[in-house]
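The values are calculated or read from the model by the stated rules, or taken from the named source; none is laboratory data. Here the structure is a predicted model, which means the values were calculated and not measured. We place every Cβ from the backbone using ideal geometry, glycine too, and count neighbours over all the protein chains shown.
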Amino acid sequence: MFHTTDITLLLTIFSISIGMAISPGQDFALISRNALVHSRRAGVSASFGIAAAVWIHVAYCMTGVALLIVNFPSVYEVIRWIGAAYLIYLGIMSIIGASSGPAAEPGGSLSLSDRKAFVSGFWCNLLNPKMTLILLSIFTQVIKPTTSVTVRLLCGLIISLVHLAWFSALAYWLSTPRLLARIQSWKPIVERLLGVLLILVGAKLVLI
């Protein structure tokens with residue numbers, strides 16, 4: 001049985017989740033790259049990876065592990081550097097892919113399996129230190145210690161589903177035939193630009 005405070009909390013988490021999802025960042029750059037360069041399916045698969053990674057964040061926030069990560073700078077630094085290295089790697093591969101020749105399939109320059117697309121989204125979100133800080137803030141300041149486990153899990157579900165819905169919609173829109181037709185001749189340049197964007201986001205993680 002849900003109380004009024006629980007419903008208010010869930011609505012608050014829903015609002016915060018929308019802001020988290022639509023805020024431009026590394027997930028946005030990755031989904032854009034997958035959808036524009038590879039295919040709509042690659043973009044949606046990566047969206048499922050992001051949604052799955054959210055649950056990992058939720059799990060360690062609920063168990064208190066996030067506090068250990070933040071309180072031990074060396075652990076946080078390792079996550080930050082690995083995340084930056086992964087984004088830079090994706091950016092470099094995107095730039096290399098732009099020079100690899102003709103597209104291997106409609107709507108993309110290189111074939112990307114569902115598994116690889118899912119994994120790219122999963123690691124991109126999981127290695128995002130900003131997600132650690134935001135979710136830690138939610139689970140320590142917005143969600144009260146007296147909140148039941150069921151409601152906490154519902155909060156995690158809302159955050160995950162909002163990310164899935166937003167990034168899937170973004171992948172769908174970016175891969176519409178009309179939009180792809182307009183950028184077809186510019187696709188190698190777009191791929192390079194998205195690669196540079198991923199590298200810059202990765203570099204920013206190192207410099208913050």
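Brief remarks follow.
- Pairs linking a residue in segment 173-193 that is over 16 Å from I92 (Cβ atoms) and among the hydroxyl-bearing types (S, T, Y) to a residue that is at pLDDT 80 or above and outside any helix (DSSP H, G or I), with Cβ atoms under 7 Å and 6 or more positions apart or on different chains, are S175/S39.
- Between F2, F28, F48, the distinction of being more than 21 Å from L133 (Cα to Cα) and either within 12 Å of the chain's Cα centre (by Cα) or modelled with pLDDT of 95 or more (or both) belongs to F48 only.
- Residue ID - surrounded by the fewest Cβ atoms within 10 Å (Cβ to Cβ), chosen from residues in segment 25-46 that are of a type in the set (S, T, N, Q) and farther than 12 Å from D114 by Cα: S32
- Any hit, segment 47-56, residues being surrounded by 18 or more Cβ atoms within 10 Å (Cβ to Cβ), farther than 18 Å from F118 by Cβ, out of contact with any Cys (no Cβ under 7 Å at 6 or more places or on another chain) and not β-branched (V, I, T): no
- Residues within segment 9-43 that are of a type outside the set (F, W, Y), under 19 Å from G195 (Cα atoms) and in contact (Cβ under 8 Å) with a residue 12 or more places away in the chain, tallied: 17
- Residues satisfying the stated conditions in segment 57-92, i.e. more than 20 Å from I134 (Cβ to Cβ) and buried (at least 16 other Cβ atoms within 10 Å of the Cβ): I88, L90, G91
- The residues on offer are L90, L112, L179, and the sole one that is within 14 Å of the chain's Cα centre (by Cα), over 21 Å from A59 (Cα atoms) and modelled with pLDDT under 90 is L90.
- In the condition set (1) touching a Pro at 6+ places or on another chain (Cβ under 9 Å); (2) without any contact (Cβ under 8 Å) to a residue 24 or more places away in the chain; (3) not aromatic (F, W, Y), R80 is compliant with all but (2).
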